[in-house]
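Asks: Provided herewith is a single structure, encoded as structure tokens, for subsequent inquiry.
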Amino acid sequence: MVEIVANLHMHTPYSDGHLYHREIAAAAARAGLDVIVVTDHNVLVGGKEGYLNGVLLLVGEEVHDVRRRPQVNHCLIYGAQGEVAPLATNPRRLIQEVVQRGGLAFLAHLIEYGSSLDGDLAAIPWTDWDVRDYTGIELWNYMTEFKARLRSRPAALFGVLFPSLVIRGPFKATLRKWDELMADGRRVVAIGNADAHGTPVRIGPLRKVIFPYEYLFRCVNTHLLIERPLTQDVAQDKRMIYDALQAGRCFIAYDLAGRAHGFTFTARSSAAQATMGSELHRHGATRFEVQCPAPGWITLIHNGRPVARRLGRQLEYTSVAPGVYRVEVQRLFRGRWRGWIYSNPIYVR
Ligand SMILES: [Zn+2]
Ligand SMILES: [Zn+2]
């Protein structure tokens, strides 16, 4: 498997973002990303996919019902081969249609807290839980977390000046919700994204872009394990990337806290082996192995409960119990333990 780094959620002026595709791809190249997927609100922008500055730029969209107040239920859509935004009023049908077309659907920023400081910072979570067949969830959305940290004017100013001191990880409630969604054996892929807009804001006489695309691309990303190195053939590479996403062969990393390349989470039971996103049919006990590129607090979680915890670069654990196993790693960064790596699960049957 080959590891590549992707960011799967961002906007251009086709919706409410500030930079166009070409400039965003240049920012992604500077930040060292391999793949970006531009997801403008309710519009699938055609003719933009391709390699730019060595970065593969793909186009998906973020669909929601614009007439609904508040504007909840944002759904990230990849590979749906056509416009599906007209189905926005019915998230269940929207997701059905996407899946039927061979596309992927992720519930974006499903839990939000919002901020009372500004109407634009209101919470827009996922609310329609009768949806089925979605590929997964956006477990960690950088801008959603940042917004939640803006509880007061002084806190907002502090956050704008020192964002790396306020970003801590996905919300506990989102992690809990993910575990709940998987409790009945359903596979739910988790991804982590920037949700970059690059919008300048006015602070007194200053006009400043608080979160340039490039900065956000150095923060919360999704690392994908693809079958072969990227070939520079757009159609073929797109297929490999969306296959890995669909299979959950990926982990989320806050790369600013430390380059997360090389993280692995594997399981073995007799001759059977599995990595993130896959199922393992056990024969007796299962041996889990976690390898981190740098030391951190590694926690192995089984059906939502921590079962092993260790400070270091490795963790090994043996269990006879079936269920959903996933890994979280915290890293000491800017004076506190912060969320660093969140693996997709191995489903032991
Ligand atoms: Zn959104
Ligand atoms: Zn967005």
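Asks: Considering only segment 195-214, I want to know if a residue exists there that is closer than 21 Å to residue 328 by Cα and assigned by TED's automatic domain parsing to the domain that holds residue 17.
Replies: First, pick out the residues of segment 195-214 that are closer than 21 Å to residue 328 by Cα: none.
Checked segment 195-214: no residue is closer than 21 Å to residue 328 by Cα and assigned by TED's automatic domain parsing to the domain that holds residue 17.
Asks: Now for a separate question. Looking at 262, 284, 304, which one is touching a helix residue (DSSP H, G or I) at 6+ places or on another chain (Cβ under 9 Å) and either more than 14 Å from residue 345 (Cβ to Cβ) or in contact (Cβ under 8 Å) with a residue 24 or more places away in the chain (or both)?
Replies: Working: 262 fails: touching a helix residue (DSSP H, G or I) at 6+ places or on another chain (Cβ under 9 Å); 284 fails: touching a helix residue (DSSP H, G or I) at 6+ places or on another chain (Cβ under 9 Å).
When all the criteria are applied, what remains is 304.
Asks: Here's another thing I want to ask about it. Counting only residues that are more than 20 Å from residue 62 (Cβ to Cβ) and assigned to a strand (DSSP E or B), how many does segment 1-36 have?
Replies: Qualifying residue count for the region: 4.
Asks: Right, here's the next one. Between 245, 216, 181, 165, which is within 16 Å of ligand 2 (Cβ to nearest atom) and in contact (Cβ under 8 Å) with a residue 24 or more places away in the chain? Can you show your working first?
Replies: Values: 245 fails: within 16 Å of ligand 2 (Cβ to nearest atom); 181 fails: within 16 Å of ligand 2 (Cβ to nearest atom); 165 fails: within 16 Å of ligand 2 (Cβ to nearest atom).
Sole residue among the options that is within 16 Å of ligand 2 (Cβ to nearest atom) and in contact (Cβ under 8 Å) with a residue 24 or more places away in the chain: 216.
Asks: Does residue 62 meet the test of being more than 14 Å from ligand 1 (Cβ to nearest atom) and among the acidic types (Asp, Glu)?
Replies: No: the conditions fail for residue 62.
Asks: Going by what's in this entry, would residue 39 be described as surrounded by 21 or more Cβ atoms within 10 Å (Cβ to Cβ), within 16 Å of ligand 1 (Cβ to nearest atom) and assigned to a loop (DSSP other than H, G, I, E, B)?
Replies: Against the criterion (surrounded by 21 or more Cβ atoms within 10 Å (Cβ to Cβ), within 16 Å of ligand 1 (Cβ to nearest atom) and assigned to a loop (DSSP other than H, G, I, E, B)), residue 39 does not qualify.
Asks: Would you pick out the residues in segment 64-81 that are away from ligand 2 (no atom under 14 Å from the Cβ) and over 21 Å from residue 111 (Cβ atoms)?
Replies: Within segment 64-81, 67, 79, 80, 81 meet the criteria.
Asks: Additional query: Against the condition out of contact with any Ser or Thr (no Cβ under 8 Å at 6 or more places or on another chain), under 17 Å from residue 28 (Cβ atoms) and either more than 16 Å from ligand 2 (Cβ to nearest atom) or in contact (Cβ under 8 Å) with a residue 40 or more places away in the chain (or both), how does residue 57 come out, does it pass?
Replies: yes
Asks: Would you confirm whether or not segment 145-157 contains a residue that is within 16 Å of ligand 2 (Cβ to nearest atom), of a type outside the set (Phe, Trp, Tyr) and modelled with pLDDT of 95 or more?
Replies: Looking for residues that are within 16 Å of ligand 2 (Cβ to nearest atom), of a type outside the set (Phe, Trp, Tyr) and modelled with pLDDT of 95 or more, one finds at least one in segment 145-157, hence yes.
Asks: Here is a further query. Report, ordered by the first and then the second residue, all pairs with beta carbons closer than 6 Å, sequence separation of six or more or different chains, a first member in segment 117-146 that is farther than 25 Å from residue 100 by Cβ, and a second member that is modelled with pLDDT under 95 and within 14 Å of ligand 2 (Cβ to nearest atom).
Replies: As it stands, the answer is 121/147; 124/71, since those pairs meet every condition given.
Asks: Still on this structure: Looking at segment 128-150, which of its residues are among the hydroxyl-bearing types (Ser, Thr, Tyr) and either more than 13 Å from ligand 1 (Cβ to nearest atom) or not assigned by TED's automatic domain parsing to the domain that holds residue 92 (or both)?
Replies: 134, 135
Asks: Can you tell me which residue within segment 319-349, out of those that are under 17 Å from residue 287 (Cα atoms) and surrounded by fewer than 14 Cβ atoms within 10 Å (Cβ to Cβ), is nearest to the chain's Cα centre (by Cα)?
Replies: Top of the filtered list is 349.
Asks: Within segment 44-84, can you find the residues that are surrounded by fewer than 19 Cβ atoms within 10 Å (Cβ to Cβ), small (Gly, Ala, Ser) and under 18 Å from residue 10 (Cβ atoms)?
Replies: Across segment 44-84, the qualifying residues are 46, 47, 50, 54.
Asks: Assess whether residue 5 counts as being at pLDDT 95 or above, within 16 Å of ligand 1 (Cβ to nearest atom), buried (at least 21 other Cβ atoms within 10 Å of the Cβ) and aliphatic (A, V, I, L, M).
Replies: Spelling it out, it is not the case that residue 5 is at pLDDT 95 or above, within 16 Å of ligand 1 (Cβ to nearest atom), buried (at least 21 other Cβ atoms within 10 Å of the Cβ) and aliphatic (A, V, I, L, M).
Asks: Still on this model: Mind checking whether some residue in segment 113-125 is away from ligand 2 (no atom under 16 Å from the Cβ), outside the structural domain of residue 334 (by TED's automatic domain parsing) and modelled with pLDDT of 90 or more? Please lay out each step first, then the result.
Replies: The first filter runs over segment 113-125 and keeps only residues away from ligand 2 (no atom under 16 Å from the Cβ), leaving 113, 115-119.
Subset that is outside the structural domain of residue 334 (by TED's automatic domain parsing): 113, 115-119.
Checking which are modelled with pLDDT of 90 or more leaves us with 113.
Yes; the residues of segment 113-125 include at least one that is away from ligand 2 (no atom under 16 Å from the Cβ), outside the structural domain of residue 334 (by TED's automatic domain parsing) and modelled with pLDDT of 90 or more.
The values are calculated or read from the model by the stated rules, or taken from the named source; none is laboratory data. Owing to the predicted nature of the structure, the values given are computational and were not obtained by experimental measurement. Positions of Cβ are backbone-derived with ideal geometry, glycine not excepted, and every protein chain shown enters the neighbour counts.
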